[in-house]
Amino acid sequence: MKALLIYPECPDTFWSFKHALKFIRKKAAYPPLGLLTLAGMLPREWSVRLVDTNVTKLTEDDLEWADIVFVSGMAVHRQSAYHIIDQCKKAGIKVVAGGPLFTCEREKFEGVDHFVLNEAEITLAPFLADLEKGHAQRLYATSTFCDIKETPAPKWDLINFKHYASMSVQFSRGCPFNCDFCNVTALFGHRPRIKSTDQIITELDGLYDLGWRAQVFIVDDNFIGNKKYLKAKLLPSLIEWRKNKKGLPFNTEASIDLADDNELMEMMVEAGFDAVFIGIETPNEEGLAECNKKQNKSRDLLGDVKRIQQKGLQVQGGFIVGFDSDTRSIFQRQIEFIQNSGIVTAMVGLLQAPVGTRLYERLKKEGRLLGNMSGNTDGTTNIVTRMNIDLLHKGYSNILSHIYSHKQYYQRVKTFLREYKPPRVKAPLNIRYFFAFFRSTIRLGVLSKERFHYWGILLWTLFHRPRFFALVVTLAIYRHHFHKIADLHVH
């Protein structure tokens with residue numbers, strides 16, 4: 001059997017980094033980890049290929065080669081998934097679909113022959129058994145969760161590393177919290193399930209042995225869901241592993257209570273973590289209560305962010321407007337919090353209701369749903385909002401225009417660098433960053449309207465925080481991307 005794994009194309013989004021990737025001649029930020037992991041679960045005698053449509057086109061030759069196609073994706077991939085499935089059906093190939101998009105919206109994809117939903121560690125085996133017998137059913141689903149200690153390592157040999165800016169490794173699934181708007185617990189449960197330390201080291205060894213030396217994203221929805229195991233097992237092993245294998249910085253996602261644990265933050269930094277994404281959501285206590293974001297309530301969120309930065313972790317933040325409790329003042333409050341916190345990478349979106357969440361079910365009962373969410377911070381919402389929608393859009397556009405303007409963005413970089421205190425580590429030289437700097441001097445320092453601000457932040461950094469010069473160049477390139485995304489959604 002010849003299996004073709006296809007990953008849909010991601011549109012212009014905040015996290016696609018499409019406009020930034022051009023500076024380092026990369027085509028995608030991350031590889032399709034789900035499909036790479038699925039590849040390790042397929043029968044060894046099968047021939048397997050992967051086409052990531054973010055880095056290469058799906059060709060007629062690919063489809064002629066394949067006996068069966070596996071497609072996976074998230075809500076943001078919806079339109080591309082439709083197109084891929086249509087191509088496969090025209091070519092007469094059976095399509096198997098799984099992943100969050102299809103788990104939540106399978107009724108919208110009539111062209112799919114077989115749905116293998118939820119966690120493939122459970123649902124793939126019965127599908128493969130039935131396929132071999134010649135009577136595969138259309139739907140394979142489960143309400144139980146797998147033991148990810150049994151999950152195979154991703155098949156890295158299916159991709160070309162040169163196309164990607166970062167690799168991805170998963171340590172855990174599930175989150176102990178229950179935010180109303182988040183479908184993580186609906187998909188993966190409340191109890192964080194973890195891989196063994198040996199699994200993680202083996203996966204990292206696999207990347208390192210194949211020559212990978214750049215960023216690795218630990219894709220957990222909440223990396224610190226099991227703090228005891230992290231401090232006793234995983235982080236000490238990562239610290240030891242990095243003594244002989246430099247050059248693999250890590251970033252991840254975590255909850256704000258990371259700020260409460262100095263030992264954990266120090267161990268993470270020693271293990272190589274340099275950035276963490278945190279869902280701040282809103283500085284408005286009523287909004288936090290409304291969405292059941294208990295872990296963020298009754299805290300000094302601004303102080304928490306600064307404590308994390310001072311320990312040596314850049315904080316990237318997620319923010320939301322459009323809660324029922326939001327008033328006109330929320331837009332300026334969000335701007336002030338983002339600016340004062342020094343969160344340079346600030347993702348702001350309108351509240352959306354994913355299928356399977358408590359928010360979705362509540363709004364469905366209230367008759368306030370407008371179809372399915374886009375999965376993108378594109379200024380759209382699938383909610384009939386309490387606030388006048390024109391006012392909401394105007395306020396949202398004002399936030400984006402402000403925080404990604406030249407002046408405010410680079411002021412935020414300075415605010416961040418005044419707090420940021422990572423340990424001094426001699427990083428290996430990477431030639432691609434020299435080329436990125438050179439391209440940025442032309443694109444941002446000569447041809448762009450921001451050129452005075454660009455040279456201004458570089459000079460400020462050389463005089464005040466010279467060891468972060470490379471980081472500031474990276475953040476300048478990020479601003480180029482974020483500004484284009486903001487322009488796209490504001491206008």
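For segment 184-230, what D do you get in µm² per second when you plug the Kirkwood radius from alpha-carbon pairs into Stokes-Einstein at 10 °C and 1.306 mPa s?
Numbers: Rh = 12.5 Å.
Rounded, D is 127 µm²/s.
Relative contact order for segment 166-403: what is it in percent, counting Cα pairs under 8 Å that are at least 6 residues apart? Walk me through the numbers on the way to the answer.
Values: 400 pairs, mean separation 41.5, N = 238.
Worked out over segment 166-403, it gives 17 percent.
Taking +1 at the Cβ of each Lys and Arg and -1 at the Cβ of each Asp and Glu, which of 115, 187, 199 sits farthest along the dipole of segment 101-252 towards its positive end, judged by Cα position relative to the Cα centre?
Toward the positive end, the furthest listed residue is 199.
What would the Debye formula give as log10 I(q)/I(0) at q = 0.11, 0.14, 0.22, 0.23 Å⁻¹ for the alpha-carbon point model of segment 142-226, no solvent?
Calculated log10 I(q)/I(0) at the listed q: -0.35, -0.56, -1.07, -1.12.
Under 5 Å between amide H atoms, partner at least 5 residues away or on a different chain: which partners does residue 115 have, H built in plane at 1.01 Å?
Answer set, sorted by chain and number: 97, 139, 140.
Before anything else, pin down the relative contact order of the chain: Cα pairs under 8 Å, at least 6 apart, normalised by residue count, whole percent.
Numbers: 841 pairs, mean separation 64.8, N = 491.
The value is 13 percent.
Hey, could you grab the Kirkwood Rh for segment 103-169? Inverse mean 1/r over distinct alpha carbon pairs, Å, one decimal.
Numbers: mean 1/r = 0.0693 Å⁻¹.
Computed over segment 103-169, the radius equals 14.4 Å.
Once all Cα-Cα distances of segment 265-398 are split into 5 Å bins that start at 0, what whole-number percent is in each one?
Percent of Cα pairs in each bin: 2, 10, 19, 21, 19, 14, 8, 5, 2, 1, 0.
Using the charge dipole of segment 383-437 (Lys, Arg: +1 at Cβ; Asp, Glu: -1 at Cβ; taken about the Cα centre), state which of 401, 385, 436 has its Cα farthest towards the positive end.
Comparing the listed Cα positions along the dipole, 436 ranks first.
Considering just Cα atoms, how many Å³ per residue does the convex hull of the chain enclose? Kindly include the intermediate steps, with their values, before the conclusion.
On the way: hull volume 71.7 nm³, N = 491.
Per-residue hull volume (Cα only) is 146 Å³.
Which number do you get for Rg(Cα) / (2.2 N^0.38 Å) in segment 166-403?
Details: Rg = 18.8 Å, N = 238, 2.2 N^0.38 = 17.6 Å.
Computed over Cα atoms of segment 166-403, the ratio equals 1.07.
Dipole magnitude of segment 225-279 about its Cα centre, charges +1 at Lys/Arg Cβ and -1 at Asp/Glu Cβ only, in debye to the nearest 20? Don't jump to the answer; show the numbers that get you there.
Details: 8 positive and 9 negative charges, 83 e Å.
That gives a dipole near 400 debye.
Considering all alpha-carbon pairs of segment 213-286, what whole percent are spaced by more than 22 angstrom? If you can, show how the numbers build up before the last one.
On the way: 614 of 2701 pairs.
That tail contains 23 percent of the Cα-Cα pairs.
How large is ³J(HN,Hα) for each residue in segment 464-477, as worked out from phi by the Karplus curve 6.51 cos²θ - 1.76 cosθ + 1.60 (θ = phi - 60°), to whole Hz, x for Gly and Pro?
These are the phi-based 3J(HN,Hα) values: 10, 9, x, 6, 9, 4, 4, 4, 5, 4, 4, 5, 5, 5 Hz.
Taking amide H positions as placed 1.01 Å from N in the peptide plane, with prolines and chain starts having none, which residues 5 or more places from residue 348, or on another chain, fall under 5 Å of its amide H?
Answer set, sorted by chain and number: 319.
For segment 104-110, what does the Karplus curve 6.51 cos²θ - 1.76 cosθ + 1.60, with θ = phi - 60°, yield as ³J(HN,Hα) per residue in whole Hz, taken in order and with x for Gly and Pro?
With coefficients 6.51, -1.76 and 1.60, one gets 8, 9, 4, 5, 8, 10, 5 Hz.
Quick query: amide H of residue 275 versus all other amide H atoms, modeled in the peptide plane; which residues come in under 5 Å with a sequence gap of 5 or more or a different chain?
Here 252, 314 satisfy the definition.
Note down, for segment 431-490, the three equivalent ellipsoid semi-axes (square root of 5 times each alpha carbon gyration tensor eigenvalue), biggest first, whole angstrom. Before the final figure, lay out the partial values.
Working: eigenvalues 80, 33, 26 Å².
Calculated on Cα positions only, the semi-axes equal 20, 13, 11 Å.
So, in segment 1-87, how many Lys pairs have Cα atoms under 26 Å apart, if the pair is 8 or more places apart or on different chains? If you can, show how the numbers build up before the last one.
Details: 2/57; 18/26; 18/27; 18/57; 22/57; 26/57; 27/57.
Taking the Cα cut-off of 26 Å, the pair count is 7.
Might you report the magnitude of the Cβ-based charge dipole of segment 1-146 about its Cα centre, with Lys and Arg at +1 and Asp and Glu at -1, to the nearest 20 debye? Could you put the intermediate results ahead of the total?
Details: 17 positive and 18 negative charges, 99 e Å.
In debye, rounded to 20, segment 1-146 gives about 480.
With +1 on each Lys and Arg Cβ and -1 on each Asp and Glu Cβ, how big is the dipole of the chain about its Cα centre, in debye rounded to the nearest 20?
On the way: 65 positive and 53 negative charges, 375 e Å.
Dipole about the Cα centre, nearest 20: 1800 debye.
Bear in mind these aren't lab numbers, they're just calculated from the coordinates by the rules spelled out. None of the values given here were measured: they were computed from a predicted structure. With ideal geometry, Cβ positions are generated from the backbone for all residues, glycine too; neighbour counts draw on all protein chains shown.
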